[in-house]
1. Please pick out the residue among S82, S98, S74, S55 that is among the small types (G, A, S) and out of contact with any Leu (no Cβ under 8 Å at 6 or more places or on another chain).
2. Please go through segment 32-54 and give me each residue that is among the hydroxyl-bearing types (S, T, Y) and surrounded by 15 or more Cβ atoms within 10 Å (Cβ to Cβ), ordered by number.
3. Mind checking which residues of segment 102-118 are out of contact with any Lys or Arg (no Cβ under 7 Å at 6 or more places or on another chain), surrounded by fewer than 19 Cβ atoms within 10 Å (Cβ to Cβ) and either of a type in the set (K, R) or under 17 Å from I18 (Cα atoms) (or both)?
4. For segment 22-38, give me each residue that is in a loop (DSSP other than H, G, I, E, B) and either over 16 Å from T101 (Cβ atoms) or touching a residue at least 60 places away in the same chain (Cβ under 8 Å) (or both).
5. Which residue is surrounded by the most Cβ atoms within 10 Å (Cβ to Cβ), if the candidates are limited to segment 72-95 and must be under 19 Å from A25 (Cα atoms), aliphatic (A, V, I, L, M) and modelled with pLDDT under 95?
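The values are calculated or read from the model by the stated rules, or taken from the named source; none is laboratory data. The structure displayed is predicted, hence computed values, not measured ones. Note that we place each Cβ from the backbone using ideal geometry, even for glycine, and neighbour counts take in every protein chain shown.
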Amino acid sequence: MIESHLLAWQKTCRVKDIIPDTGVAALIEGEQIAVFRTSSDQVYAINNHDPSCRSNVLARGIVGSFGKELVVASPISRQHFSLTSGKCIEEKILSVKSYQTKVDKGWIFVALNKELNS
């Protein structure tokens with residue numbers, strides 16, 4: 001059996017629906033995903049679940065930077081998670097899944113990995 005992965009792009013919301021430097025939560029195929037828009041209209045997506053407090057809250061966090069790293073600060077634990085990699089800045093053993101994003105005709109798409117078995 002050969003396993004391979006396919007990116008399944010999911011239409012999520014319009015860019016204009018997210019206020020710059022904030023995020024929204026989206027339920028995509030049963031996964032809570034936090035989708036963020038920066039002031040320069042870049043979009044990022046990470047898992048919404050904060051592993052340090054075990055709550056789905058990252059979409060409500062504060063977007064900013066930690067050094068050169070673009071991050072979201074959890075509104076509960078105050079841990080900073082990279083918007084590009086999902087890694088926690090303060091506790092290296094913590095991380096959340098990050099997702100590829102793209103914008104097409106004003107819509108944000110989030111890529112989920114799908115396994116193909118053949």
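1. The conditions single out S55.
2. Selection gives T38, Y44, S52.
3. K102, V103, D104, K105, K114
4. Taking segment 22-38 first, the residues in a loop (DSSP other than H, G, I, E, B) are 29-30, 38.
Once the filter is applied, which keeps residues that are in a loop (DSSP other than H, G, I, E, B) and either over 16 Å from T101 (Cβ atoms) or touching a residue at least 60 places away in the same chain (Cβ under 8 Å) (or both), segment 22-38 yields E29, G30.
5. Residue satisfying both the conditions and the ranking: A73.
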